[in-house]
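Chemist: Got a structure for you, written out below as structure tokens; questions coming shortly.
The values are calculated or read from the model by the stated rules, or taken from the named source; none is laboratory data. Model, not experiment: these values are computed from the prediction. Positions of Cβ are generated from backbone atoms using ideal geometry, with glycine treated the same way; all protein chains shown enter the neighbour counts. The accessibility values were calculated without ligands, DNA or RNA, using every heavy atom of the protein model including side chains. Shrake-Rupley method; radii C 1.70, N 1.55, O 1.52, S 1.80 Å.
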Amino acid sequence: MDVVEDVSELRRRVGAERCAGRTIGLVPTMGYLHAGHRSLLDAARRDNDMVVASIFVNPTQFGPGEDLASYPRDLKRDHAVLDAAGTDLLFLPSAADMYPDGAGAQAIWVEPGALAGNLCGASRPGHFRGVATVVTKLLNMVQPDTLYLGQKDVQQAAILRRMVRDLAFPVSVRVLPTVREPDGLALSSRNAYLTPEERAEAPALKRALDCALAMIGTGERDVARLVAGMEEVIRRDAPDGRIDYISVVDAATLQPVVSLQGDVLIALAVYLGKARLIDNAEITIG
Ligand code: PAF
């Protein structure tokens with residue numbers, strides 16, 4: 001695998017592949033790779049002639065007091081994961097290349113608007129603006145045919161899909177299913193923050209989602225009762241958890257639904273010690 005830090009060098013290498021008619025898949029990451037990233041890399045490998053992965057811990061998507069400085073990093077291990085997945089090129093941009101005048105001096109942003117107004121966007125103001133802006137830069141630098149994202153970060157995926165459509169980026173977006181531990185916990189780099197006691201409570205998020213799906217399966221259509229059922233599971237199985245939100249929204253607009261109808265997204269975020277865990281389930285209700 002080639003490792004490229006310089007943007008001009010990246011453009012030269014990827015441009016040569018594009019000119020030769022080869023397809024390019026991009027897997028953008030912040031590193032500390034796990035099996036969820038691996039599934040994105042595997043899909044990109046199957047679909048494309050060239051697989052580009054990026055690692056950049058993007059400062060503009062972290063709010064004040066969030067974990068930018070302590071975000072887990074292990075470049076050596078990441079290198080091994082990328083190599084094993086058959087990645088062709090690892091792009092490791094510097095902060096100066098991504099934000100030439102400094103992140104604070106960025107004048108033009110990609111604003112996701114109402115799509116960032118609730119769910120994670122409500123408790124992380126500015127987060128999705130930072131994500132949309134950095135992914136725009138990565139798309140402009142790499143110019144891939146396909147962008148690979150994970151369903152665990154469902155709001156991010158919805159915003160980036162919409163960004164690609166609304167701003168006419170010449171790229172397809174593929175969203176791959178959440179990869180889970182055997183006990184149901186969704187893989188996340190931030191799981192590294194969990195103490196053994198918190199780790200034992202963490203599968204409560206998936207259990208709460210399963211509870212909601214089971215309630216829907218037996219005919220429940222009342223959103224408030226679904227949310228109450230999920231809260232009960234979190235209180236019972238993750239007593240140290242603090243619920244940030246449990247929401248039932250329209251899968252396309254991400255706006256809260258009053259009646260369960262059509263494509264619906266059930267999403268939650270729970271603070272457990274230093275970690276803020278998220279998970280979601282999508283369901284179509286006829
Ligand atoms: O999902 C992530 O790791 C990040 O939000 C992304 C898409 C790499 C942008 O920094």
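Chemist: Please check: in the Gaussian network model of the chain (C-alpha springs, under 10 Å), which one of Ala44, Ala192, Ala269 has the largest mean-square fluctuation.
Modeler: Ala192
Chemist: Which Rg and Dmax, in Å, describe the Cα atoms of the chain?
Modeler: Answer for the chain, Rg first and Dmax second: 19.2, 58 Å.
Chemist: So how compact is region 1-108: Cα radius of gyration and Dmax in angstrom?
Modeler: 14.8, 46
Chemist: Given H placed on each backbone N at 1.01 Å, which residues far from Gly150 in sequence or on other chains put an amide H within less than 5 Å of it?
Modeler: Leu176
Chemist: Using amide H atoms built 1.01 Å from N in the peptide plane, name the residues 5+ places from Tyr245, or on other chains, whose amide H lies under 5 Å from its own.
Modeler: Amide H neighbours of Tyr245: Ala269.
Chemist: If I fit a long axis through the Cα atoms of helix 7-19 and take the longest principal axis of the Cα atoms of the chain, what angle between them do I get, 0 to 90°, rounded to 10?
Modeler: 90 degrees
Chemist: For region 267-278, what does the Karplus curve 6.51 cos²θ - 1.76 cosθ + 1.60, with θ = phi - 60°, yield as ³J(HN,Hα) per residue in whole Hz, taken in order and with x for Gly and Pro?
Modeler: 9, 8, 9, 9, 7, 9, x, 7, 9, 10, 9, 10
Chemist: Along each of its three principal axes, how wide is the spread of alpha-carbon positions in region 178-226, in whole angstrom units, largest first?
Modeler: 37, 19, 14
Chemist: Using alpha carbons only, how many degrees (0 to 90, rounded to 10) separate the axis of helix 223-237 from the longest principal axis of the chain?
Modeler: Long axis of 223-237 versus the principal axis of the chain: about 80 degrees.
Chemist: Another question, if that's okay. Taking every DSSP beta bridge that has both residues in the chain, what percent is antiparallel when rounded to the nearest 5?
Modeler: Expressed as a percentage, antiparallel bridges in the chain total about 55.
Chemist: Any idea what the relative contact order of the chain is, in percent, if you count C-alpha pairs under 8 Å spaced at least 6 apart?
Modeler: Contact order relative to length: 17 percent.
Chemist: Read phi for every residue in region 58-73 and hand back ³J(HN,Hα) as whole Hz from Karplus 6.51 cos²θ - 1.76 cosθ + 1.60, θ = phi - 60°, with x for Gly and Pro.
Modeler: 7, x, 6, 9, 9, x, x, x, 7, 9, 4, 5, 9, 3, x, 9
Chemist: With a point put 7 Å past each Cα toward its Cβ, work out how far Asn140 is from Ala168 in nm, to one decimal.
Modeler: 1.7 nm
Chemist: Using a Gaussian network model of the chain with C-alpha springs under 10 Å, which one of Gly63, Gly36, Gly219 is most mobile by mean-square fluctuation?
Modeler: So, out of Gly63, Gly36, Gly219, the one fluctuating most is Gly219.
Chemist: Tell me, what is the per residue accessible area of the chain in Å², probe radius 1.4 Å?
Modeler: Working: 12920 Å² over 286 residues.
Result: 45 Å² of accessible area for each residue.
Chemist: Per-residue counts of other Cβ atoms within 10 Å, averaged by peptide: what ranking do you get for 156-164, 26-34, 3-11, highest first?
Modeler: 26-34, 156-164, 3-11
Chemist: Between region 178-199 and region 10-53, what is the C-alpha centre distance in whole Å?
Modeler: 26 Å
Chemist: For region 24-30, in order, what is each residue's ³J(HN,Hα) by Karplus, 6.51 cos²θ - 1.76 cosθ + 1.60 with θ = phi - 60°, in whole Hz (x at glycine and Pro)?
Modeler: For region 24-30, the Karplus curve yields 10, x, 10, 10, x, 9, 10 Hz.
Chemist: If I histogram all Cα-Cα distances within region 141-241 using bins 10 Å wide from 0, what percent of pairs lands in each bin?
Modeler: Distribution as computed: 14, 31, 30, 20, 6 percent.
Chemist: Assuming 0.36 nm per residue, please report the length gained on full extension of the stretch Thr195 to Asp2 beyond their Cα-Cα distance.
Modeler: On the way: separation 193, 0.36 × 193 = 69.48 nm, distance 3.59 nm.
Here the answer is 65.9 nm.
Chemist: Hey, for a label at Ala214 modelled as a point 7 Å past Cα toward Cβ, could you say which residues of region 263-286 have their backbone N under 17 Å away?
Modeler: Only 281 fall inside the zone, counting backbone N under 17 Å.
Chemist: Per the 1.4 Å probe, what fraction of the accessible area of region 186-225, in percent, lies on carbon and sulfur atoms?
Modeler: Answer for region 186-225 is 56 percent, counting heavy atoms of protein chains only.
Chemist: Summarise the accessible area of region 85-168 (1.4 Å probe, protein heavy atoms) by the percent that is carbon and sulfur.
Modeler: The nonpolar share, carbon plus sulfur, comes to 52 percent.
Chemist: How big is region 44-185 along each principal axis, measuring the range of its Cα positions in Å and listing the largest first?
Modeler: 39, 37, 35
Chemist: Could I ask something else about it? Between Ala35 and Ser70, what is the FRET efficiency for a Förster distance of 25 Å, r being their Cβ-Cβ separation, to the nearest 0.05?
Modeler: Here the calculated transfer efficiency is 0.65.
Chemist: Listed highest first by mean packing, meaning other Cβ atoms within 10 Å per residue, what order do 115-128, 200-213, 227-240, 96-109 come in? Mind showing how you got there, number by number?
Modeler: Details: 115-128: 18.6, 200-213: 21.4, 227-240: 16.4, 96-109: 11.9.
My ranking of the peptides, most packed first, is 200-213, 115-128, 227-240, 96-109.
Chemist: At R0 = 35 Å, how high is the FRET efficiency between Ala224 and Ile108 if r is their beta carbon distance? Nearest 0.05 is fine.
Modeler: So the FRET efficiency works out to roughly 0.25.
Chemist: Quick one: angle between helix 35-47 and the longest Cα principal axis of the chain, in degrees between 0 and 90, rounded to 10, please.
Modeler: 50 degrees
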